[in-house]
Amino acid sequence: MYDYILIDLLNLYFRNYYTHQDLTVTYNNTTNVTGGLYGCLISINRLKQKYLNKNGQIIFLVDNPNSKQNIRKKLDEDYKSNRERQTPQFLWGLDRLQDIILNLNDNYWVCQASFLEADDWVDKVLYSKFFGYEKNSKSLLVTMDKDWAANISETTHWLNKDTIFTKFDYLTHYQYEPIKNKIILDKVFNGDNSDNISVGVPYLPKKAILKLIQNYNSLNEIFGDLQNIDYISDKFKQKMLDRKDRLFLNKQLVESIDINFEELKDYVIKCKRNESVLKRYYKSYNFDIRTIDQKLLNKINTDINDSFMQPTRIK
């Protein structure tokens with residue numbers, strides 16, 4: 001069990017939205033997709049029940065899904081240009097999900113700044129006394145984004161889909177240690193399709209890239225020792241030199257933004273449970289609270305099947 005769970009909220013919502021698009025609610029002849037937020041609430045409840053200590057805290061790290069990559073866009077105009085702007089339906093559900101979370105639990109937090117991505121928050125939040133971290137506090141990072149794995153330690157683990165990665169598990173699976181500099185090198189050379197970051201050196205053999213990640217901690221180290229690397233041919237050494245600017249640009253794109261947490265406190269919101277707000281949302285969207293809010297269910301003295309129906313499904 002963990003004292004803290006850090007959740008990549010947009011990543012979680014994205015997965016649930018496209019899995020549960022058939023869950024809808026209609027009001028004034030307008031049909032909205034509620035599956036994303038309903039699925040997220042189920043996921044959050046399951047994470048809480050399965051992994052969180054009794055008095056543990058959940059911290060939601062939130063991207064702006066459409067407009068917030070300002071700093072990295074200045075470095076590379078193609079950064080995340082492969083991502084379509086999200087639809088009004090998608091944003092409608094995400095906005096309401098955040099509002100529900102703000103009213104869901106006194107031990108929840110929301111962190112969001114227009115100039116930061118979710119992974120920029122992780123190393124600022126972990127171990128921060130602002131959230132009450134103590135020396136031996138244990139954390140679980142919930143995301144499919146490998147960038148977060150750079151924070152794996154003896155007390156911090158990474159949950160990717162249904163698999164928890166410790167330091168040993170990560171090393172066994174990916175064949176290199178979950179260290180920030182090595183994960184940066186991984187994305188520098190292999191690129192990142194989700195962020196539209198180009199492959200560093202096209203056709204450079206994967207085995208050679210893995211050896212570089214295993215043997216070095218930075219691009220400067222690699223280029224300083226390039227002529228002595230015997231598992232890379234002269235042809236690819238020259239290609240690496242030709243692509244040197246691209247490689248260092250990739251490095252800038254994947255590094256977290258250097259900013260002190262003290263400058264971010266104004267962008268952190270402490271949640272406060274408000275059951276009247278929650279009841280209004282659950283009833284308006286026909287959510288079955290048995291799957292998302294057992295605490296509220298225990299306080300309701302009406303027939304649940306009459307008051308809180310299952311979400312409407314498109315036929």
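The values are calculated or read from the model by the stated rules, or taken from the named source; none is laboratory data. What you are looking at is a predicted structure, and each value in this text was computed from that prediction instead of being measured. Neighbour counts are summed over all protein chains in view; Cβ atoms, including those assigned to glycine, are modelled from backbone coordinates with ideal geometry.
Does V142 satisfy the criteria of being under 20 Å from the mean Cα position of the chain (by Cα) and aliphatic (A, V, I, L, M)?
Working: under 20 Å from the mean Cα position of the chain (by Cα): yes; aliphatic (A, V, I, L, M): yes.
Judged against the criteria, V142 is a match.
Yes or no: region 225-235 includes at least one residue that is of a type in the set (A, V, I, L, M, F, W, C) and not in a helix (DSSP H, G or I). Show your work before the answer.
Step one: filter region 225-235 for residues of a type in the set (A, V, I, L, M, F, W, C), giving 226, 229, 232.
Imposing the further condition that a residue be not in a helix (DSSP H, G or I) reduces the set to 229, 232.
Among the residues of region 225-235, at least one is of a type in the set (A, V, I, L, M, F, W, C) and not in a helix (DSSP H, G or I), which makes the answer yes.
In this structure, does N220 turn out to be at pLDDT 95 or above, not assigned by TED's automatic domain parsing to the domain that holds V122 and not in a loop (DSSP other than H, G, I, E, B)? Lay out the reasoning, then the answer.
Values: at pLDDT 95 or above: yes; not assigned by TED's automatic domain parsing to the domain that holds V122: yes; not in a loop (DSSP other than H, G, I, E, B): yes.
Yes.
Among the candidates S139, S128, single out the residue that is at pLDDT 95 or above, out of contact with any Pro (no Cβ under 9 Å at 6 or more places or on another chain) and over 20 Å from R15 (Cα atoms).
S139
Let's see how each residue does on (1) in contact (Cβ under 8 Å) with a residue 24 or more places away in the chain; (2) within 30 Å of S128 (Cα to Cα); (3) in contact with a Pro (Cβ under 6 Å, 6 or more places away or on another chain); (4) not in a helix (DSSP H, G or I):
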| residue | (1), (2), (3), (4) |
| --- | --- |
| A208 | yes, no, no, no |
| K237 | no, no, no, no |
| F248 | yes, no, no, no |
| L264 | yes, yes, no, no |
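For a quick check of your reading of the model, give me the residue pairs whose first member lies in region 274-293 and is of a type in the set (D, E), whose second is in a helix (DSSP H, G or I), with beta-carbon atoms closer than 6 Å and at least 6 apart or on different chains.
Sorted first by the residue in region 274-293, then by its partner, the pairs are E275/L296.
Give me the pairs: first residue in region 116-132 and not assigned by TED's automatic domain parsing to the domain that holds I58, second residue among the aliphatic types (A, V, I, L, M) and surrounded by fewer than 17 Cβ atoms within 10 Å (Cβ to Cβ), beta-carbon distance under 8 Å, and six or more apart or on different chains, which are they?
Matching pairs, first to second residue: none at all.
Tally time: how many residues in region 154-176 are part of a loop (DSSP other than H, G, I, E, B) and crowded, with 16+ Cβ neighbours inside 10 Å?
Total satisfying the criteria: 2.
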